[in-house]
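The values are calculated or read from the model by the stated rules, or taken from the named source; none is laboratory data. Since we're looking at a predicted model, the values are computed, not measured. No Cβ is skipped: glycine too gets one built from the backbone with ideal geometry, and neighbour counts run over all protein chains shown. Ligands, DNA and RNA are stripped out before the accessible areas are found, and what is left, the full protein with its side chains, is counted by its heavy atoms. Shrake-Rupley method; radii C 1.70, N 1.55, O 1.52, S 1.80 Å.
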Amino acid sequence: MILAGDIGGTSTRLALFEVEGRAVRPVEEQHYPSRNFPGLSEIVRAFTAAHPQPIEDAAFGIAGPVREGRVETPNLPWVVEAAALAAQLALPRVTLLNDLEANAWGVFTLGDDDFATLTPGSPARDGNAAIISAGTGLGEAGYHAHGSSLHPFASEGGHADFAPHDELTIELFRWLHRRHGHVSWERVVSGPGLVNIFTFLHEVKHGEVSAALAEAMREGDPAAAISKAALEESSGLAVRALDLFVALYGSEAGNLALKMKATRGVWIGGGIAPRILPRLKRPGFLEAFHDKGRFRAFLEAIPVRVILNDRTALRGAAWHAQTLRA
């Protein structure tokens, strides 16, 4: 039995998996609000107490840079160490992966129904690939091609400098810079990033916020409320915010495709993409993805697919643990 985890700034999922071939089957699964716990070890303790089954291996995908089996999570006040978790679970080894690397491994376990194709492109059979995922933060990872095989690797590209490209995004950059100093892509392409864009358009461009939307933002997840209002077209300001968000998401996905030379494809993961899929299917996302001057034709050949399975990182952690056993 493999214990796998998908640890994000908002929620943590743990599951026990049986793995046969490329099939990963969850046996037990539970969700925990991350901020209700002082660290991952306490969540693991709660899960193993509730599901006392023998565990042979464990792997956890965590939002943050993993270095020598240790990660200080950027969106949680946690320090997670593989050695401490291994001792707690009485295992010889526990693997920590960046959450996007776990997502990248998880893609190998999915079927055709787990994807929505934005453009089929003309994939290179021996090319690299990439994955980008907006959620609480912005994660990016790559796949290095070795013949026909793909080998995932982590990055922290979401924290690279945001690059405005027209008068509106230059104004957005200046507004964010006054608030935060350094402005990363994560400041605009993430759940909090959508809220930043919405607030900018309200404060600087004087967009009107309806009473109903303001109440929904106060009482629940502000980004989800903005997305819902935009998809329902009940708020012009929300529509403008989501359209700009989608264009910036496409722009950074195209940047990542160039940096990774991802001629085999780019996957769009994370919790936001499936919820706004109707907007991603409109021209704005792909136009921004392709709009790279002399490299437009290069990018037009790259397949772009949205991952619909919200357990991809969890499955990927389990699958990676299985590959270490082989």
Counting only protein heavy atoms and rolling a 1.4 Å probe, one gets per residue an accessible area for the chain in Å² of 45 Å²
J(HN,Hα) series, the range 276-289, from Karplus relation 6.51 cos²θ - 1.76 cosθ + 1.60, nearest Hz, glycine and proline x | 10, 3, x, 6, 5, 7, 6, x, x, 5, 5, 4, 5, 4
Filtering GluC sites (Glu not before Pro) in the range 1-100 by DSSP loop and by at most 15 other Cβ atoms within 10 Å leaves GLU56, GLU68
Taking 7 Å along the Cα-to-C-beta vector as the label spot, tell me the THR10-THR117 distance in nanometres, rounded to one decimal.
-> 3.0 nm
Convex hull volume per residue for the range 1-127, taking Cα atoms only, in Å³ = 146 Å³
Surface accessible to a 1.4 Å probe, THR109 within the full protein complex, Å² | 20 Å²
Carbon and sulfur %, accessible surface of the range 106-255 computed with the full protein complex present, 1.4 Å = 50 percent
Diagonalise the Cα gyration tensor of the range 221-307 and give the resulting equivalent ellipsoid semi-axes, square root of 5 times each eigenvalue, largest first, whole Å.
-> 26, 13, 9
Dimensionless Rg over Rh [the chain; C-alpha; Kirkwood] | 0.98
Would you mind pulling out the separation of the Cα centroids of the range 122-153 and the range 208-245, in Å?
-> 32 Å
Radius 12 Å from Cβ of VAL189, net charge of other residues (Lys, Arg +1; Asp, Glu -1) | -2
Using R₀ = 22 Å, calculate the FRET efficiency as 1/(1 + (r/R₀)^6) where r is the Cβ-Cβ separation of ARG294 and HIS177; round to 0.05.
-> 0.15
Phi to ³J(HN,Hα) by Karplus 6.51 cos²θ - 1.76 cosθ + 1.60 over the range 257-274, Hz, x for Gly, Pro = 4, 5, 5, 8, 6, 7, 6, 8, x, 10, 9, 9, x, x, x, 7, 4, x
Within the chain, longest stretch clear of exposed trypsin sites (Lys or Arg not before Pro) (DSSP loop, no more than 11 other Cβ within 10 Å) | 126-326
